[in-house]
Amino acid sequence: MTEPTGLGPSRLREVFGAFPSGVVALCAMRNGRPVGMAASTFTSVSLDPPLVSVCVQRSSQTWPSLRESARLGVTILAEQHGAVCRTLSMKQGDRFTGVDWDSLDDGSIVLRDASGWLTTSVYAEVDAGDHLLVLLRVHTLDADPASAPLVLHRSGFHRLAPASDGVMS
(Lines give C-alpha, C1' and ligand atoms only; values in the text may rest on other atoms or scores of the structure.)
Protein backbone atom coordinates (compact mmCIF):
# COMPACT_ATOMS: atom_id res chain seq x y z
CA MET A 1 0.00 0.00 0.00
CA THR A 2 1.27 3.47 -0.84
CA GLU A 3 1.24 6.55 1.34
CA PRO A 4 -2.07 8.42 1.15
CA THR A 5 -2.00 11.45 -1.13
CA GLY A 6 -4.13 14.56 -1.53
CA LEU A 7 -7.73 14.65 -2.60
CA GLY A 8 -7.23 16.65 -5.79
CA PRO A 9 -9.52 16.02 -8.79
CA SER A 10 -6.97 14.00 -10.78
CA ARG A 11 -6.20 11.73 -7.80
CA LEU A 12 -9.90 11.27 -7.07
CA ARG A 13 -10.54 10.30 -10.73
CA GLU A 14 -7.64 7.85 -10.61
CA VAL A 15 -8.87 6.11 -7.47
CA PHE A 16 -12.56 6.22 -8.42
CA GLY A 17 -11.54 4.70 -11.78
CA ALA A 18 -10.19 1.63 -9.98
CA PHE A 19 -13.81 0.57 -9.50
CA PRO A 20 -15.30 -0.87 -12.71
CA SER A 21 -18.77 0.20 -13.72
CA GLY A 22 -21.24 -0.39 -16.47
CA VAL A 23 -22.23 2.38 -18.85
CA VAL A 24 -25.72 3.55 -19.75
CA ALA A 25 -27.23 5.94 -22.24
CA LEU A 26 -29.98 8.31 -21.06
CA CYS A 27 -32.08 9.39 -24.05
CA ALA A 28 -35.39 10.95 -25.04
CA MET A 29 -37.07 12.82 -27.87
CA ARG A 30 -37.12 16.57 -27.26
CA ASN A 31 -38.79 18.94 -29.72
CA GLY A 32 -38.71 16.27 -32.43
CA ARG A 33 -34.99 15.53 -32.00
CA PRO A 34 -33.14 12.79 -30.11
CA VAL A 35 -31.25 14.00 -27.04
CA GLY A 36 -28.93 11.79 -25.05
CA MET A 37 -25.88 11.35 -22.90
CA ALA A 38 -23.71 8.55 -21.51
CA ALA A 39 -23.20 7.91 -17.80
CA SER A 40 -21.08 5.43 -15.84
CA THR A 41 -22.69 6.10 -12.47
CA PHE A 42 -25.81 3.96 -12.90
CA THR A 43 -26.99 1.63 -10.13
CA SER A 44 -30.12 -0.12 -8.92
CA VAL A 45 -31.63 1.45 -5.80
CA SER A 46 -34.99 -0.05 -4.79
CA LEU A 47 -37.40 -2.82 -5.74
CA ASP A 48 -40.44 -1.16 -4.15
CA PRO A 49 -40.88 1.34 -5.65
CA PRO A 50 -38.66 0.31 -8.58
CA LEU A 51 -35.86 2.89 -8.62
CA VAL A 52 -32.46 3.28 -10.23
CA SER A 53 -30.01 6.15 -9.96
CA VAL A 54 -27.48 8.00 -12.06
CA CYS A 55 -25.17 10.90 -11.21
CA VAL A 56 -25.12 13.85 -13.61
CA GLN A 57 -22.60 16.69 -13.65
CA ARG A 58 -24.16 20.01 -12.70
CA SER A 59 -22.37 21.53 -15.69
CA SER A 60 -24.13 19.18 -18.14
CA GLN A 61 -25.69 21.02 -21.07
CA THR A 62 -27.83 17.94 -21.86
CA TRP A 63 -29.40 17.11 -18.52
CA PRO A 64 -31.68 20.19 -18.32
CA SER A 65 -33.40 19.08 -21.54
CA LEU A 66 -33.62 15.42 -20.53
CA ARG A 67 -34.94 16.34 -17.06
CA GLU A 68 -38.03 17.89 -18.69
CA SER A 69 -38.93 14.67 -20.54
CA ALA A 70 -41.94 12.72 -19.29
CA ARG A 71 -40.02 9.50 -19.93
CA LEU A 72 -36.30 8.73 -20.30
CA GLY A 73 -34.88 5.65 -21.92
CA VAL A 74 -31.99 4.12 -20.01
CA THR A 75 -30.00 1.74 -22.18
CA ILE A 76 -27.47 -0.58 -20.58
CA LEU A 77 -24.75 -0.48 -23.19
CA ALA A 78 -23.38 -3.77 -24.52
CA GLU A 79 -19.71 -4.59 -25.02
CA GLN A 80 -19.84 -3.56 -28.71
CA HIS A 81 -21.12 -0.05 -27.81
CA GLY A 82 -17.73 1.56 -27.07
CA ALA A 83 -17.92 3.88 -30.10
CA VAL A 84 -21.55 4.66 -29.29
CA CYS A 85 -20.55 5.65 -25.76
CA ARG A 86 -17.87 7.99 -27.10
CA THR A 87 -20.36 9.54 -29.54
CA LEU A 88 -22.92 10.11 -26.79
CA SER A 89 -20.21 11.72 -24.65
CA MET A 90 -19.24 14.35 -27.24
CA LYS A 91 -19.47 17.96 -26.12
CA GLN A 92 -20.46 19.17 -29.61
CA GLY A 93 -21.91 17.69 -32.76
CA ASP A 94 -24.67 15.17 -33.43
CA ARG A 95 -24.49 12.57 -30.69
CA PHE A 96 -26.72 10.20 -32.67
CA THR A 97 -24.58 9.93 -35.81
CA GLY A 98 -24.08 6.22 -36.48
CA VAL A 99 -26.15 5.21 -33.43
CA ASP A 100 -29.00 2.73 -33.98
CA TRP A 101 -31.94 3.68 -31.78
CA ASP A 102 -35.70 3.41 -31.42
CA SER A 103 -38.11 6.04 -30.16
CA LEU A 104 -40.85 4.53 -28.02
CA ASP A 105 -44.44 5.79 -27.86
CA ASP A 106 -43.78 7.51 -24.52
CA GLY A 107 -40.98 9.67 -25.99
CA SER A 108 -38.12 7.69 -24.50
CA ILE A 109 -35.31 6.43 -26.70
CA VAL A 110 -33.54 3.09 -26.33
CA LEU A 111 -30.49 1.96 -28.26
CA ARG A 112 -30.51 -1.24 -30.29
CA ASP A 113 -28.48 -4.36 -29.46
CA ALA A 114 -28.25 -3.42 -25.78
CA SER A 115 -27.69 -5.60 -22.73
CA GLY A 116 -30.88 -4.15 -21.31
CA TRP A 117 -33.13 -1.12 -21.28
CA LEU A 118 -35.59 0.66 -19.02
CA THR A 119 -38.11 3.43 -19.46
CA THR A 120 -38.03 5.77 -16.50
CA SER A 121 -39.19 9.11 -15.16
CA VAL A 122 -37.43 11.49 -12.80
CA TYR A 123 -38.43 10.58 -9.23
CA ALA A 124 -36.11 12.95 -7.32
CA GLU A 125 -32.87 14.88 -7.56
CA VAL A 126 -30.44 15.14 -4.66
CA ASP A 127 -27.70 17.75 -4.39
CA ALA A 128 -24.38 15.90 -4.50
CA GLY A 129 -21.60 18.49 -4.76
CA ASP A 130 -20.62 19.09 -8.37
CA HIS A 131 -23.16 16.43 -9.43
CA LEU A 132 -26.85 15.71 -9.05
CA LEU A 133 -27.86 12.28 -7.82
CA VAL A 134 -30.91 11.54 -9.96
CA LEU A 135 -33.37 8.89 -8.82
CA LEU A 136 -35.40 7.44 -11.70
CA ARG A 137 -38.61 5.44 -11.34
CA VAL A 138 -38.72 2.39 -13.60
CA HIS A 139 -41.87 1.88 -15.70
CA THR A 140 -40.89 -0.83 -18.19
CA LEU A 141 -37.75 -2.84 -18.78
CA ASP A 142 -36.19 -5.74 -20.61
CA ALA A 143 -32.80 -7.42 -20.93
CA ASP A 144 -30.90 -9.70 -23.28
CA PRO A 145 -29.22 -12.32 -21.05
CA ALA A 146 -26.92 -13.30 -23.94
CA SER A 147 -25.52 -9.76 -24.26
CA ALA A 148 -22.46 -8.81 -22.20
CA PRO A 149 -22.31 -5.24 -20.83
CA LEU A 150 -19.80 -2.55 -21.68
CA VAL A 151 -17.51 -2.09 -18.68
CA LEU A 152 -15.58 1.09 -17.88
CA HIS A 153 -12.42 0.64 -15.81
CA ARG A 154 -9.48 3.05 -15.45
CA SER A 155 -10.89 5.27 -18.23
CA GLY A 156 -10.99 2.41 -20.76
CA PHE A 157 -13.59 -0.05 -22.00
CA HIS A 158 -13.27 -3.71 -21.06
CA ARG A 159 -15.15 -7.00 -21.35
CA LEU A 160 -16.24 -9.22 -18.52
CA ALA A 161 -14.37 -12.47 -18.03
CA PRO A 162 -15.07 -15.26 -15.56
CA ALA A 163 -12.96 -15.22 -12.40
CA SER A 164 -10.00 -17.58 -12.60
CA ASP A 165 -11.50 -19.96 -10.04
CA GLY A 166 -14.99 -19.64 -11.55
CA VAL A 167 -16.50 -19.35 -8.07
CA MET A 168 -18.15 -16.27 -6.63
CA SER A 169 -17.53 -15.80 -2.93
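The values are calculated or read from the model by the stated rules, or taken from the named source; none is laboratory data. This structure is a prediction, so every number in the text was calculated from the model and none was measured. As a convention, Cβ positions derive from the backbone with ideal geometry for all residues, glycine included, and neighbour counts pool all protein chains shown. We work out accessible area using only protein heavy atoms, side chains counted, and drop any ligands, DNA or RNA first. Shrake-Rupley method; radii C 1.70, N 1.55, O 1.52, S 1.80 Å.
For this structure, a couple of remarks:
- Between Arg86 and Ser65, the contour length at 0.36 nm per residue exceeds the alpha carbon distance by 5.6 nm.
- Amide H partners (placed H, <5 Å) of Trp101, local residues excluded: Arg112
- Atom-type composition of the exposed protein surface of the chain places 54 percent of the accessible area on carbon and sulfur (1.4 angstrom probe).
- Accessible area ranking (1.4 Å probe, heavy atoms, ligands and nucleic acids excluded), largest first, for Ser164, Ser65, Ser10, Ser89: Ser164, Ser10, Ser89, Ser65.
- Under 5 Å from the amide H of Asp144 lie the amide H atoms of Gly116, each residue being 5 or more positions distant or on a separate chain, with H modelled from the backbone and absent for Pro and chain starts.
- Sparse-neighbourhood loop sites, trypsin sites (Lys or Arg not before Pro) in region 55-127 - DSSP loop, at most 13 other Cβ within 10 angstrom: Arg58, Lys91, Arg112
- Accessible surface ranking for His139, His131, His81, 1.4 angstrom probe, highest first: His139, His131, His81.
- Working note: 222 nm ellipticity from helices only, DSSP H runs with n ≥ 4, each -39,500 (n - 2.57), summed and divided by the residues of the chain, gives -3000 deg cm²/dmol to the nearest 500.
- Across region 81-90, coupling constants 3J(HN,Hα) worked out from phi with the 6.51/-1.76/1.60 Karplus curve, θ = phi - 60°, read 8, x, 5, 4, 4, 5, 4, 5, 9, 4 Hz, and Gly and Pro carry x.
- Solvent-accessible area of Asp94 with every protein chain in place, 1.4 Å probe, in Å² to the nearest 10: 90
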